[in-house]
Amino acid sequence: MRFHEPQGNVRVVAAAVLIFAVALLDKFVDAPLAFGFLYLGPILLVGTVWPRWRILATATLCTALSHVFAPPFPLSVALPEDVLVFTALAATGLFAFEVSRTRARELENLHRVEREVDARRSAEEQLEFLIESSPVAILTMAGDCVILRANQAAHKLFAVPDGAFAGKSVRRYLPSLGCVPFGGSAQHAFRTEMQCRGQRDNGEVFLADVFFSTYQTAMGPRLAALVVDASDALREREESGLEQLMAGSRILVGAVSHEIRNVCGAITVIYENLARSGALRSNRDFDALGSLVDTLTRIASMELKQSKRPSDVAGIDLYESLDELRIVLEPYCRDAGIEVRWQVPEELPPVWADRRSLLQVLLNLIKNSQRALEHAETKRIDITVATNVHTVLIRVTDSGPGIGSAEKLFQPFQNGAQSTGLGLFLSRAFVRSFRGDLRHDPTVAGCSFVIELAVAGPSERVPSRTVEHGTHPVAAS
């Protein structure tokens, strides 16, 4: 039934009443006239409601009623007349059925198109609002690199007056983006990003991160780009790198100066002993040697300031440093076939540390473990965090062969070490610069290092939460 049930029932009842009325009229009206054609009305009604077989059944019923109540005719006349009446009624009902079904289908399609139009309009309005309210500069370009549309953020980023962006070439503002081959016969689609030089309308240059994609439309190829000013991030990265370099240099120079002071102290003792003996008192080379030792001692005695002021080393969230370590560490370990297992409590106190320096220390320990595991049968690194009242212990343990002699482990310039052999020496210096310590634990199988960090404060605790590290092993294979 193609209509709602109440409407269909009304039509069926109306058709039944009409059939009954026509039958009575055909029976009691004594006239040389057949009223069978009046059955077309109820047939039209049921044709819009019922399926085909019911329409044919109704046509058969009406034909039978017309034959019973019609004036008596010979069989040779009555039979063709009945066939003609049935054909006319059935054809009328089936025609009404097809018209009704076609109309219902068209109405359904019309409603579907209206819903799609409403949904498309709503999506366009939301997309329009998103583009115009986005803090990221969004540009749309045609195949000739002419800008078709730009949002408010793009006008602000490139210092272009409102509404003056359309029709300009993107090559003036992003020369590298103008070299992307997406117009003409180019069929290759791009979905990528790049970092390039950007230029504002007033000539000012900045570093731009560009995320762009190409696509085809009925009007031709198009390129959509999201542009972000990365100048601040570049400055912060370079300043941070310089600060970290200076911090490492100060720690290194300070440690080397300490070693030089020890050597100069020993030389000074020998020099004074020789001077007291009087054997070389008049020797100019001996006096010059004393001056050189004195000068070297004064140079080595110059105290270098710490790279971090006490106010710069504050309580940090250890979860953030571990998350950064995991982001950097796990892809490489997965490619190297090393299993990484994390055991981190769900609640950790803040610790006294510099986040970048702590991350460098952890990365240095992990890199040492990765080199030790290159030829090991079992490749595994365990990173465990434990807490007590005043300290937090970060233990990095690998399943490698271990260290043969740990007596000079933290001394610089060791024979057989890669590069300058300053990795562990600087790592311990970094940890000690923010009230902690780094030590080797020979009691654990393999190679195990422990970073000891001071708790920032008993009342300053990180809220309890479920962290991604969890307390279960996480494999990176």
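Taken together, the values in this text are just the output of simple stated rules run on the coordinates, not laboratory data. From a predicted model like this one, the values you see are computed outputs, not experimental measurements. We place every Cβ from the backbone using ideal geometry, glycine too, and count neighbours over all the protein chains shown.
Let's test the formula: R0 of 25 Å, r as the Cβ-Cβ distance of residue 204 and residue 233. What FRET efficiency results, to the nearest 0.05? Don't skip to the answer; put the middle values down first.
Working: r = 17 Å, r/R0 = 0.68.
With a Förster radius of 25 Å, E is 0.90.
Rounded if a/c is under 1.5, else prolate if a/b beats b/c, else oblate: with a ≥ b ≥ c from the C-alpha gyration tensor eigenvalues square-rooted, which is the range 80-171? Present the calculation step by step, with values, prior to reporting the outcome.
On the way: a/c = 9.10, a/b = 4.28, b/c = 2.12.
In terms of gyration-tensor shape, prolate.
For residue 205, neighbours were defined as the other residues whose beta-carbon sits under 13 Å from its Cβ, and their charges (Lys and Arg +1, Asp and Glu -1) total 0.
How much FRET efficiency would the formula 1/(1 + (r/R0)^6) give for residue 356 and residue 275, where r is the Cβ-Cβ distance and R0 is 56 Å, rounded to 0.05? Present the calculation step by step, with values, prior to reporting the outcome.
Working: r = 49 Å, r/R0 = 0.88.
Efficiency for this residue pair is about 0.70.
Backbone phi angles across the range 151-163, fed through the Karplus curve with coefficients 6.51, -1.76 and 1.60 (θ = phi - 60°), yield HN-Hα couplings of 7, 5, 5, 5, 4, 6, 5, 9, 6, 9, x, 4, x Hz in residue order; Gly and Pro are listed as x.
Rounded, prolate or oblate for the range 137-229? Axes are the square roots of the Cα gyration tensor eigenvalues, ordered a ≥ b ≥ c, and the cut-off for rounded is a/c under 1.5.
Prolate, since a/c reaches 1.5 and a/b exceeds b/c.
Computed from backbone phi with θ = phi - 60° and the Karplus coefficients 6.51, -1.76 and 1.60, the 3J(HN,Hα) list for the range 54-61 is 6, 5, 5, 5, 5, 4, 5, 4 Hz; x is used for glycine and proline. Computed from backbone phi, the HN-Hα couplings of the range 323-340 come to 5, 4, 4, 5, 4, 6, 7, 5, x, 5, 5, 4, 5, 8, x, 9, 7, 10 Hz, rounded to whole numbers (Karplus: 6.51 cos²θ - 1.76 cosθ + 1.60, θ = phi - 60°; Gly and Pro given as x).
The aspartates and glutamates within cross-link reach of residue 379, meaning a Cα-to-Cα straight distance under 20 Å and a gap of 8 or more places when in the same chain, are 330, 335, 339, 398, 441. Entry note, the range 73-177: relative contact order of 15 percent, from Cα contacts under 8 Å with a spacing of 6+ residues. Between the beta carbons of residue 386 and residue 243, assuming R0 = 30 Å, the FRET efficiency works out to 0.45 to the nearest 0.05. The H on the amide N of residue 137, modeled in the peptide plane, is under 5 Å from the matching H of 227, each at least 5 residues off or on a different chain. Relative contact order, whole percent, for the range 137-229 stands at 30, derived from Cα pairs under 8 Å and 6 or more residues apart.
Amide H contacts for residue 400 (H built 1.01 Å from N in the peptide plane; partners 5 or more residues away or on another chain; cut-off under 5 Å): 447.
Net charge within 14 Å of residue 427 by Cβ-Cβ distance, Lys/Arg positive one each and Asp/Glu negative one each, not counting residue 427 itself? Net charge around residue 427: +2.
Quickly rank 157-168, 79-90, 349-360 as a protection proxy: mean count of other C-beta atoms within 10 Å, highest first. Could you put the intermediate results ahead of the total?
Details: 157-168: 14.4, 79-90: 16.7, 349-360: 20.9.
Listed from highest to lowest mean packing, they are 349-360, 79-90, 157-168.
For the range 315-454, rounded, prolate or oblate, judged on the Cα gyration tensor with a ≥ b ≥ c (square roots of eigenvalues), a/c < 1.5 rounded, else prolate if a/b > b/c?
Numbers: a/c = 1.62, a/b = 1.20, b/c = 1.35.
Because a/c hits 1.5 or more and a/b fails to exceed b/c, the range 315-454 counts as oblate.
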